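Worksheet for the structure shown next.
The values are calculated or read from the model by the stated rules, or taken from the named source; none is laboratory data. Just so we're clear, the structure is a prediction, and the values are computed from it rather than from any experiment. Here the Cβ positions follow ideal geometry from the backbone for every residue, glycine too, while neighbour counts run over all protein chains shown. The area values use the complete protein model at the heavy-atom level, side chains included, leaving out ligands, DNA and RNA. Shrake-Rupley method; radii C 1.70, N 1.55, O 1.52, S 1.80 Å.
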Amino acid sequence: VHQGCEVFVFTRSEAHRALARSLGAVWAGSAETDPGVLMDSSIIFAPAGWLVPLALQRLDKGGTLALGGPNSYGGTTTVSGGVLRAENAGALGTTAGGTVVISGARLELSGGLTFSGEALTISGNGGDAFGALRSSSGVNEWAGPVTLGANQARLGVNGGDLVVKGDRIKVFAER
């Protein structure tokens, strides 16, 4: 196991679970099974959007969920804690439900991605004052309606560039 990290594996196949345990995973089970601990970081490669809400629920405060592939999830993606890192332009699923980033959480775009038509609402500073929508590498573009839903809502860049385009950008300030 890499650098002494505890590895938890979620997979459908019992053969894959056995392989994971033989390679040093401390736990292996199905996506629907609760491992009993919150994750510091997780990666989803499968094009199965229904995994995203489950993985976000199992993410520890300040943890990161990386979405490495596209998916067809059609609901609202709500990031309520930690970091959701999109590493594929289809990672957030369809544009039907939009994405909401709650205060203290962050949506991070990585790798030169373009998101078109997806509604985004952010209500915080990303947990560290550097942006609830952030570019971490590459030229990333958000081309859809953006709502800044609270005071201190911020966009940020810590690598690459962030381009925000939209026919509707709304700003709501608390008084």
**Message:** Please go through the range 18-58 and give me each residue that is open to solvent by 40 Å² or more (accessible area, probe 1.4 Å), outside any loop (DSSP other than H, G, I, E, B) and more than 22 Å from GLY82 (Cβ to Cβ), ordered by number.
**Reply:** ALA18, LEU19, ARG21, SER22
**Request:** Quick one: which residue in GLU108, GLU118 is buried (at least 19 other Cβ atoms within 10 Å of the Cβ), modelled with pLDDT of 90 or more and within 12 Å of the chain's Cα centre (by Cα)?
**Result:** GLU108
**Request:** Among the residues of the range 64-83, write down those that are open to solvent by less than 30 Å² (accessible area, probe 1.4 Å), in a loop (DSSP other than H, G, I, E, B) and farther than 11 Å from GLY127 by Cβ.
**Result:** GLY68, GLY69, ASN71, GLY75
**Request:** Output the qualifying pairs, or none if there are none: Cβ atoms under 9 angstrom, residues six or more apart or on different chains, first residue in the range 157-175 and under 17 Å from GLY126 (Cα atoms) and of a type outside the set (A, V, I, L, M), second residue loosely packed, with under 13 Cβ neighbours inside 10 Å and modelled with pLDDT of 60 or more.
**Result:** none
**Request:** Please find, within the range 121-143, the residue that is farthest from VAL79 (Cα to Cα) out of those that are open to solvent by less than 10 Å² (accessible area, probe 1.4 Å) and assigned to a loop (DSSP other than H, G, I, E, B).
**Result:** GLY131
**Fill in**
Inside the range 144-167, the number of residues satisfying the requirement of being closer than 20 Å to ASP128 by Cα, open to solvent by 50 Å² or more (accessible area, probe 1.4 Å) and either in a strand (DSSP E or B) or among the aliphatic types (A, V, I, L, M) (or both) is 3
**Request:** Please enumerate the residues belonging to the range 25-73 that are among the small types (Gly, Ala, Ser) and in contact with a helix residue (DSSP H, G or I) (Cβ under 9 Å, 6 or more places away or on another chain).
**Result:** ALA25, ALA28, GLY29, SER30, ALA31, SER42
**Request:** Quick one: in the range 48-70, of everything that is out of contact with any strand residue (DSSP E or B) (no Cβ under 8 Å at 6 or more places or on another chain) and hydrophobic (A, V, I, L, M, F, W, C), which residue is farthest from VAL101 (Cα to Cα)?
**Result:** ALA48
